[in-house]
Ligand SMILES: Cc1ncc(COP(=O)(O)O)c(C=O)c1O
């Protein structure tokens, strides 16, 4: 009986799938021959496949078009990219080619906005949604943007005091948003999110602090973001309805209010078994908002989203070699990789995140249950379960091509991992940041690959550590 890795995958999932197919026992990612990339650049490596960003943006926009059509929805839809998921210029500039807006989280984001404007990647009409608990360095940069004519910069108030800072420093009429503090899901250690204003305080805050100053600033947007993401469960629908009902109440006394921002939180594929109906969710969200507005007899708001993971997550892969097998007892077989999970995919270690794991080669070998180990000294530098199953199965190392290493790909790793790990810098046990390869379309539409960053050098770390001046 044949018991190859290919058999395992085909028995468990529909395969091949969009973005993943096998040719001659080797994996192709979005049509890219990963073996060829590995032969050219070696492992460990990070791979950014930029055309995925365009297809994700277009996919979401089209689904909103469909949902608006279905419900005869009267507002507009604005796609914002949340920069914190990946601030890299090649990501943000690629996203900006597809008629999108931006969401920021910290003062230094505004420096990115300035730079994008200088490079003519954006103009002053772009919506910049400024979230976060803001220090003066952030609010003063926001005020400067507004004073310089970026008329669609919307500071989203995270607390009541924030407004005073703009009142003092913004010299032109400006728009405001308010983040509505969500109730946390029942399994979280806290009841209410620390982010935003308490829902029950917002009407009073509006009447006391905003109403009557419409020629100076206008409340335009209510914002909600749920850490757990956009999911078809009672928690999501009840939090969404809370903000929609608040919009309906406020709209009656605040005619300028015209937008609801539902934040980010679209899930992405972390397993070949991923089954999420994006169109259903968008259609339901739009339908729910419309229904509440009709009932309250108020106009439908424009809808903003701030998709981070959805925009950039599926554009990236981390590729490692298995550099050795260790059998420490009768049950556990370790495959040691040429890097570290803690340092390159910190969410696997910090919050137990699972990514889509597939071997790049040896698909015709038999498979076995293994645990993956990183090469730091840390006992927690391991990866032992997948999204769909509490185990990891991978091809055996010998078989058809005994002299060739097994290569492993962790896919859809493009959001937050570099931001949390830090890019370069000191790393646990001084395991270097892997090289980073970009694949993009050139002007003629042909795919080209190039090195964005080489593997981090010992010198770069020694300099930070003070050994080299
Ligand atoms: C305010 C806000 N908007 C959008 C996002 C993006 O979320 P995601 O990457 O899940 O789309 C985040 C993520 O933390 C956020 O805090």
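Read-outs: derived from the displayed coordinates by stated rules, not from any lab. Quantities reported herein were computed from a predicted structural model and do not represent experimental measurements. Note that each Cβ is placed from the backbone with ideal geometry, even for glycine, and that neighbours are counted across all protein chains shown.
For region 107-168 and region 28-44, what is the separation of their Cα centres, given in Å? Cα centroid to Cα centroid, the span is 40 Å. For the peptides 313-322, 154-163, the ranking by packing is 313-322, 154-163, with the highest mean count of neighbouring Cβ atoms within 10 Å listed first. By the equivalent-ellipsoid construction on the alpha carbon gyration tensor, region 196-352 comes out with semi-axes of 45, 18, 13 Å, ordered largest to smallest. Annotation for residue 454 and residue 33: the two label points, set 7 Å from Cα along the Cα-Cβ direction, are 2.7 nm apart. With the convex hull drawn over the C-alpha atoms of region 306-439, the volume per residue is 129 Å³. Full extension of the chain between residue 366 and residue 204 gives 51.7 nm of extra length, using 0.36 nm per residue less the Cα-Cα distance. Here the alpha carbons of region 133-210 define both size measures, Rg and Dmax, at 14.1, 45 Å.
Among 198-207, 330-339, what's the highest-first ranking by average C-beta atoms within 10 angstrom per residue? The partial results should precede the final answer.
Values: 198-207: 14.9, 330-339: 17.5.
The densest-packed peptide leads the list: 330-339, 198-207.
By how many nm would the segment from residue 387 to residue 151 lengthen if fully extended, with 0.36 nm per residue of separation less the alpha-carbon distance? Show your work: numbers first, answer last.
On the way: separation 236, 0.36 × 236 = 84.96 nm, distance 4.35 nm.
Value of the extension gain: 80.6 nm.
Give the Debye-formula value of log10 I(q)/I(0) at each listed q (0.10 Å⁻¹), with one equal scatterer per alpha carbon of region 2-109, two decimals each. The computed values of log10 I(q)/I(0) come out as -0.49.
Just the ratio, please: alpha-carbon radius of gyration of region 1-64 over 2.2 N^0.38 Å, N its number of residues. Could the numbers behind the result be given before it?
Numbers: Rg = 15.2 Å, N = 64, 2.2 N^0.38 = 10.7 Å.
Normalised Cα radius of gyration, region 1-64: 1.42.
Its relative contact order, with pairs defined as Cα atoms under 8 Å and 6+ residues apart, puts the chain at 19 percent. Shape descriptor for the chain: Rg over Rh equals 1.00 (Cα atoms; Rh from the Kirkwood inverse mean 1/r). Summary of packing: across the peptides 8-14, 368-374, the per-residue average of other C-beta atoms within 10 Å ranks them, highest first, as 368-374, 8-14. Computed over the alpha-carbon atoms, region 265-307 gives an Rg to Rh ratio of 1.13, Rh here being the Kirkwood radius from the mean inverse distance. What whole-number distance in Å separates the alpha-carbon centres of region 383-460 and region 50-77? Using only Cα atoms, the two centres lie 31 Å from each other.
For the chain, DSSP calls about 50 percent of its internal beta bridges antiparallel. In region 73-307, Rg over Rh equals 0.95, where Rg is the alpha-carbon radius of gyration and Rh the Kirkwood radius from pairwise Cα distances. Of all DSSP beta bridges confined to region 73-307, the antiparallel ones make up roughly 5%.
Calculation over all alpha carbon pairs of region 277-356 in 10 angstrom steps from 0 returns a P(r) of 13, 26, 21, 15, 13, 8, 3 percent. What FRET efficiency comes out for residue 15 versus residue 40 if R0 is 22 angstrom and r is the Cβ-Cβ distance? Round to the nearest 0.05. Efficiency, from the Cβ-Cβ distance: 0.25.
For region 72-148, the fraction of C-alpha pairs more than 15 angstrom apart is 55%.
As a test of the formula, what do you get for the chain when each DSSP H run with n ≥ 4 contributes -39,500 (n - 2.57) and the sum is divided by the residue count, at 222 nm and rounded to the nearest 500 deg cm²/dmol?
That comes out to -9000 deg cm²/dmol.
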